[in-house]
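In what follows, a single structure is set out as structure tokens and then discussed.
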């Protein structure tokens, strides 16, 4: 172990003959994992020298034993999350609504849960509250829950934390941000499970605001990007895997027309909640296929429904349909 880690240290210590290399500070759990890995290795006479064990190699190996529950009602978003997590080495399971998530949590141990907020049957907020209650009643280990939502406002973040969630990620889900948040949640959860529930509650961050101020974007869009369909970014998010990209788009093109039809019917029936919920669902799916103009059009429809502005529905619905048709033409691979 060394207090100052420099580039090339691992290679240098490996050449000297060390079995492992860790730079300080070293968490107790990481040190234990490192020692376990060293002890479980075969003897030096059984074959060629094995590569040195490092913090990175331990974390990467442990990923393959981590299971994450994806809770999401839309297939497009489930496929997206499954692909991103699979690329990062995690095992996954899925639930299509909050009630199914609560039942699965009672039957299976998960290392982390990615929870959509707005779903039929039971939303993510109620599901999280029930999971936390179940943990208290049965003295279960606290499982980190990260909210996935198409909304990006302080009030939404506040609502997530009040329900008992640990973190918040906006759609479209970016691989690097997702990886960072999962790693942080899993690390912090070790600290939490060594303390009390009261300690965890004291540590939760609640934004001191009641406003719907948008949360700053974690990544900015470069100039010149096509807002209709950011093909380059879409492919990049899935590591250039065209098969996965085609699968995500195929799912989107199956689900999107259903939402458009439901929005049209809800406008005819002046059903504000159906307009809002289906526009919200379309907004999240559009974000995950990098259809920015369609996402914006769906968000505007959702806002109109929240505010009850009836006279603008027909015009905005036409814009929504036009953006969908344009995206269909642009997204041909």
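The values are calculated or read from the model by the stated rules, or taken from the named source; none is laboratory data. What you see is a predicted model, and the numbers here were worked out from it, not measured in a lab. Glycine gets a Cβ as well: all are built from the backbone with ideal geometry, and neighbour counts include every protein chain shown.
Quick check on my filter: what residues within region 84-110 are touching a residue at least 60 places away in the same chain (Cβ under 8 Å) and touching a strand residue (DSSP E or B) at 6+ places or on another chain (Cβ under 6 Å)? Scanning region 84-110 gives 85, 90. Scanning region 258-291 for residues that are closer than 13 Å to residue 328 by Cα and either in the same structural domain as residue 87 (by TED's automatic domain parsing) or in contact (Cβ under 8 Å) with a residue 60 or more places away in the chain (or both) yields 289, 290, 291. Determine whether residue 55 is under 29 Å from the mean Cα position of the chain (by Cα), more than 29 Å from residue 244 (Cβ to Cβ) and at pLDDT below 75. The answer is yes for residue 55.
Among the residues of region 311-333, those identified as loosely packed, with under 13 Cβ neighbours inside 10 Å and in contact (Cβ under 8 Å) with a residue 24 or more places away in the chain are 314, 333. Number of residues in region 22-48 that are over 23 Å from residue 188 (Cα atoms), at pLDDT 70 or above and not in a loop (DSSP other than H, G, I, E, B) equals 2. Taken over region 132-164, the criterion of being in contact with a strand residue (DSSP E or B) (Cβ under 7 Å, 6 or more places away or on another chain) and under 15 Å from residue 110 (Cα atoms) is satisfied by 143, 144, 145, 146.
The residues in region 68-96 that are at pLDDT 95 or above and part of a strand (DSSP E or B) can be counted, and the count is 8.
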